1. Checking the condition among the polar types (S, T, N, Q) and open to solvent by less than 40 Å² (accessible area, probe 1.4 Å), which residue from Ser4, Ser81 passes?
2. Would you check if Tyr67 is open to solvent by less than 60 Å² (accessible area, probe 1.4 Å), assigned to a helix (DSSP H, G or I) and free of Cβ contacts under 8 Å to residues at least 60 places away in the same chain?
3. Open to solvent by 80 Å² or more (accessible area, probe 1.4 Å), aliphatic (A, V, I, L, M) and assigned to a helix (DSSP H, G or I): does that describe Leu102?
4. Go through region 155-186 and give me each residue that's assigned to a helix (DSSP H, G or I), free of Cβ contacts under 8 Å to residues at least 40 places away in the same chain and open to solvent by 60 Å² or more (accessible area, probe 1.4 Å).
5. Yes or no: region 17-37 includes at least one residue that is surrounded by 12 or more Cβ atoms within 10 Å (Cβ to Cβ), of a type in the set (Val, Ile, Thr) and part of a helix (DSSP H, G or I).
6. Determine, yes or no, whether Lys54 is part of a helix (DSSP H, G or I), closer than 19 Å to Leu102 by Cβ, in contact (Cβ under 8 Å) with a residue 24 or more places away in the chain and of a type in the set (D, E, K, R).
7. Exactly one condition in (1) closer than 28 Å to Leu158 by Cβ; (2) open to solvent by 70 Å² or more (accessible area, probe 1.4 Å); (3) touching a residue at least 12 places away in the same chain (Cβ under 8 Å) is not met by Leu114; state its number.
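The values are calculated or read from the model by the stated rules, or taken from the named source; none is laboratory data. From a predicted model like this one, the values you see are computed outputs, not experimental measurements. Please note: Cβ atoms are built from the backbone with ideal geometry, for glycine as well, and neighbour counts cover all protein chains shown. Heavy atoms of the whole protein, side chains included, go into the accessibility calculation; ligands, DNA and RNA do not. Shrake-Rupley method; radii C 1.70, N 1.55, O 1.52, S 1.80 Å.
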Amino acid sequence: MQESLKEQIHSLWITLQIPTEQQNMETTGPICEVNAVLQQNLEQLQQMKIKNIKEVITGIREKLHTYWDKCLYSQKQREESDFLRSENFTEELLRVHDEELLKITLYYEKYQELFDNFEKWERWWKLFLEFEKKASDPNRYANRGGTLLKEEKERTQLQKKLPKLEEELKLNILKWETEQGSHFMINGQKPMIYIATQWEQHRFKKEQEKQERCIKKDDAPICRTPLKRPLCPSNTPLSKIRKLNGTSTIISSGSACNRVIKTPRKRDLSRKSNCVKGQLNSTTLENP
């Protein structure tokens, strides 16, 4: 009996939002006296509950909305709770609120892993899209210290972690549907279909942006640099010799260009000698 009284008192402390420093159940003496003190405290708290019933119900409604958000309740599911719109703040209305709060609290605790994983996926997905947007920014190579490398590393990690988390979600959803005997829905849509749609929209957007960049690139004016005529041919054979205007020209291949070396023409000494002899002979004949 004593433990039951303590549990009821503790529950009322939470419901009435009694400050921690005012929560005191320390009693001494015989068991019957301790139980009498606890019973008296319980009755006092119950009277406070009746007087403050409106504030209590309003507090419970706020907690219900918080749990609905955590449990991914749709708007339709929330509107099914007619008692939330009642302004007749009675003990019966408070009882209905208490029961609903207990029900959804147990529901959340049972499937918390599913709800937490989906919330984590949405948070990671949002972060991944931000990194993807920065990665497609043409100014991303500006000097930003080590930020660019860090963001690219995180983006790569998220790209690997998201599919693994999605596999965990599949198992969580399968467990929920097996136990509940219905399809798990988020805003009227199956979660895995919702996730697949997000990926497909992302790929379509990336492809569309890629095509737009190609169109802009094709439409941009092309500036052609005039080609300069090479000073020396690069494929001239080595040691190629030809005669130009009576001089021997040696053309050899070098690393930068060919070199042209001119050598003086050799005199024909034998021809000159014959001419001198002829002159001498003619002189001899003219003088008898």
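1. None of the others qualify; the one that does is Ser81.
2. Considered against the rule, which asks whether it is open to solvent by less than 60 Å² (accessible area, probe 1.4 Å), assigned to a helix (DSSP H, G or I) and free of Cβ contacts under 8 Å to residues at least 60 places away in the same chain, Tyr67 comes out as yes.
3. yes
4. Of everything in region 155-186, those that are assigned to a helix (DSSP H, G or I), free of Cβ contacts under 8 Å to residues at least 40 places away in the same chain and open to solvent by 60 Å² or more (accessible area, probe 1.4 Å) turn out to be Gln157, Gln159, Lys160, Lys161, Lys164, Glu167, Lys170, Leu171, Leu174, Thr178, Glu179, Gln180.
5. Yes - at least one qualifying residue is present in region 17-37.
6. Criteria not met by Lys54.
7. (2)
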